[in-house]
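Trainee: Below you will find the structure I want to go over with you.
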Amino acid sequence: MAISFTLSIINRLKKEITETQQRSIDEQKKKEKALSKINQLQRDIKISTSPSDLSSKMSRLSKLKDEINKIDLLQVELSKQLVIKNAALKEQISKDQQQENKS
């Protein structure tokens, strides 16, 4: 019974780690897209002639930079979660091995 319980915890942690890693990858892709858009906007700003067009692009640039800051904060949080979950996984694997040795 205890081994089954430990194995279910291990499997759950492995699934959560995989999901967290995938979310981190997805957020990194979002960041890369936003950086690409920023680069394009910066090139477009140089050739903008109308004040309203320039203002619109500057506003969009500001929003993209805010989005990147939010992604960076989320990436830090996801990294912390991964460290915690990997530590918990190692602990559970250790418990599982101890239980197997007792059997």
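Trainee: Here are Ile38, Ile47, Ile10: which of them is hydrophobic (A, V, I, L, M, F, W, C) and farther than 30 Å from Glu77 by Cα?
Mentor: Going through Ile38, Ile47, Ile10 in turn, the sole match is Ile47.
Trainee: While we're on this one: Is it true that Ser24 is part of a helix (DSSP H, G or I), surrounded by 11 or more Cβ atoms within 10 Å (Cβ to Cβ), without any contact (Cβ under 8 Å) to a residue 40 or more places away in the chain and of a type in the set (S, T, N, Q)?
Mentor: Details: part of a helix (DSSP H, G or I): yes; surrounded by 11 or more Cβ atoms within 10 Å (Cβ to Cβ): yes; without any contact (Cβ under 8 Å) to a residue 40 or more places away in the chain: no; of a type in the set (S, T, N, Q): yes.
Taking the combined requirement at face value, the residue does not satisfy it.
Trainee: Specify which of the listed residues (Lys70, Lys90, Lys85) is without any contact (Cβ under 8 Å) to a residue 12 or more places away in the chain and under 18 Å from the mean Cα position of the chain (by Cα). Spell out the reasoning first.
Mentor: Numbers: Lys90 fails: under 18 Å from the mean Cα position of the chain (by Cα); Lys85 fails: without any contact (Cβ under 8 Å) to a residue 12 or more places away in the chain.
On inspection, the qualifying residue turns out to be Lys70.
Trainee: Considering only residues that are surrounded by 11 or more Cβ atoms within 10 Å (Cβ to Cβ) and not basic (Lys, Arg), which ones fall in segment 40-58? Working first, answer last.
Mentor: The initial filter retains those residues of segment 40-58 that are surrounded by 11 or more Cβ atoms within 10 Å (Cβ to Cβ), namely 40-42, 44-45, 48, 53-58.
Gln40, Leu41, Gln42, Asp44, Ile45, Ser48, Asp53, Leu54, Ser55, Ser56, Met58 - these are the residues of segment 40-58 that are surrounded by 11 or more Cβ atoms within 10 Å (Cβ to Cβ) and not basic (Lys, Arg).
Coordinate-derived values only; no laboratory data. As the structure is a computational prediction, the values presented were derived from the model and not from experiment. Reconstructed Cβ throughout: ideal geometry from the backbone, glycine too, with neighbour counts over all protein chains shown.
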